[in-house]
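The structure appears right after this line, and notes come after that.
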Amino acid sequence: MGNTIRTLVAFIPADRCQNYVVGDLREMPLDRMVDLSGSQLRRLPVVVCSFRGLVKLYLSDNHLSSLPPELGQLQSLQILALDFNNFRALPQVVCTLKQLCILYLGNNKLCDLPRELSLLQNLRTLWLEANYLTRLPDVVCELSLLRTLHAGSNALRLLPGQLWRLRELRTIWLSGNLLTDFPPVLLHMPFLEVIDVDWNSIRCFPSLAHLSGLKLVIYDHNPCRNAPKVAKGVRRVGRWSEETPEPDPRKARRYALAEEDSQEAQLPALPPPLLPTTS
């Protein structure tokens, strides 16, 4: 049904699209999820904000640059997808959604993140890829439960020294940035399982053999003179890797991303929404 609606919306002029989508939303779905991805939206239908038991809200691939303050009513929201939009700054109201576990912000025009992001202490996965970040905002280091950080395809040259404080972090994606050295802070994070620094400008790799939790390191497409040393059993993807034939970094990423997808299936349970009482 969702695909059918999106197909129909594609044939509706942009100025009428908003009314069509609003008309289709009358009550909260039983699965507590609303998917308005690819609906040509320039503003969020405020009626969505009345679904106070909503758990998942997908707004990807629209024309959004702001969000209404009423979004703060969705205090049960655990997944919010804002990727592929026109955000130049993260709306402050997002930082009030304290049950958020997964936040998609990729493919926008973000240059920074607000300090208030630190209020999202339940955040496990943060997608920041393909924005305008020249540095990883320090506030990311305050997300104590963060397990997965996607920050590829930006313009990062270094990582903040306080990143080691994220002791729950297991996966970090940094491909397609401007790193000229392997980030030193990562050498002090033995709990990391996946490190991706593909498509950077790193010329020399330090030994990663002491990172006891490491399972996969992707370092291909760097002008490096050596392969990073790793402990036995750790998979390497890149030049001088011991694996033959040379593995495809995309396949390695798909494998690691499949592992991440299990996080979405294991979201913390919330109580059922309250039903209206009848007199």
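The values are calculated or read from the model by the stated rules, or taken from the named source; none is laboratory data. Since we're looking at a predicted model, the values are computed, not measured. FYI the Cβ positions are ideal-geometry reconstructions off the backbone, even for glycines, and counts take in every protein chain you see. Note: accessible area is taken over every heavy atom of the protein model, side chains too, but ligands, DNA and RNA are not part of it. Shrake-Rupley method; radii C 1.70, N 1.55, O 1.52, S 1.80 Å.
Cβ-Cβ contacts under 7 Å between residues 6 or more apart (or on different chains), taken from a first residue in segment 55-82 that is part of a helix (DSSP H, G or I) and small (Gly, Ala, Ser) to a second residue that is modelled with pLDDT of 95 or more and surrounded by fewer than 20 Cβ atoms within 10 Å (Cβ to Cβ), are listed as GLY72/VAL93; GLY72/THR96.
What are the residues in segment 97-118 that are of a type outside the set (Ser, Thr, Tyr), crowded, with 18+ Cβ neighbours inside 10 Å and not in a loop (DSSP other than H, G, I, E, B), if any? Correct list: ILE102, LEU103, LEU117.
ARG32: basic (Lys, Arg), more than 27 Å from ARG115 (Cα to Cα), open to solvent by 20 Å² or more (accessible area, probe 1.4 Å) and touching a Gly at 6+ places or on another chain (Cβ under 9 Å), yes or no? It is true that ARG32 is basic (Lys, Arg), more than 27 Å from ARG115 (Cα to Cα), open to solvent by 20 Å² or more (accessible area, probe 1.4 Å) and touching a Gly at 6+ places or on another chain (Cβ under 9 Å).
Conditions tested, residue by residue: (1) out of contact with any Phe, Trp or Tyr (no Cβ under 8 Å at 6 or more places or on another chain); (2) of a type in the set (Asp, Glu); (3) outside any loop (DSSP other than H, G, I, E, B).
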{"residue": "LEU149", "(1), (2), (3)": "no, no, yes"}
{"residue": "GLY152", "(1), (2), (3)": "no, no, no"}
{"residue": "ARG157", "(1), (2), (3)": "yes, no, no"}
{"residue": "GLN162", "(1), (2), (3)": "yes, no, yes"}
{"residue": "LEU169", "(1), (2), (3)": "no, no, no"}
{"residue": "ILE172", "(1), (2), (3)": "yes, no, yes"}
{"residue": "SER175", "(1), (2), (3)": "no, no, no"}
{"residue": "LEU178", "(1), (2), (3)": "yes, no, no"}
{"residue": "VAL185", "(1), (2), (3)": "no, no, yes"}
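Of the residues making up segment 157-192, those that are hydroxyl-bearing (Ser, Thr, Tyr) and open to solvent by less than 50 Å² (accessible area, probe 1.4 Å) are THR171, SER175. Assuming VAL94 fulfils every condition listed in (1) over 16 Å from the mean Cα position of the chain (by Cα); (2) outside any loop (DSSP other than H, G, I, E, B) apart from one, which condition is it? Failing condition for VAL94: (1).
Restricting to segment 119-147, and then to whatever is part of a loop (DSSP other than H, G, I, E, B) and of a type in the set (D, E, K, R), can you tell me which residue is most open to solvent (accessible area, probe 1.4 Å)?
Step one: list which residues in segment 119-147 are part of a loop (DSSP other than H, G, I, E, B), which gives 120-124, 128-137, 143-147.
Now drop any that are not of a type in the set (D, E, K, R), which leaves 124, 129, 135, 147.
Numbers: ARG124: 70, GLU129: 40, ARG135: 109, ARG147: 80 Å².
Among residues in segment 119-147 that are part of a loop (DSSP other than H, G, I, E, B) and of a type in the set (D, E, K, R), the one most open to solvent (accessible area, probe 1.4 Å) is ARG135.
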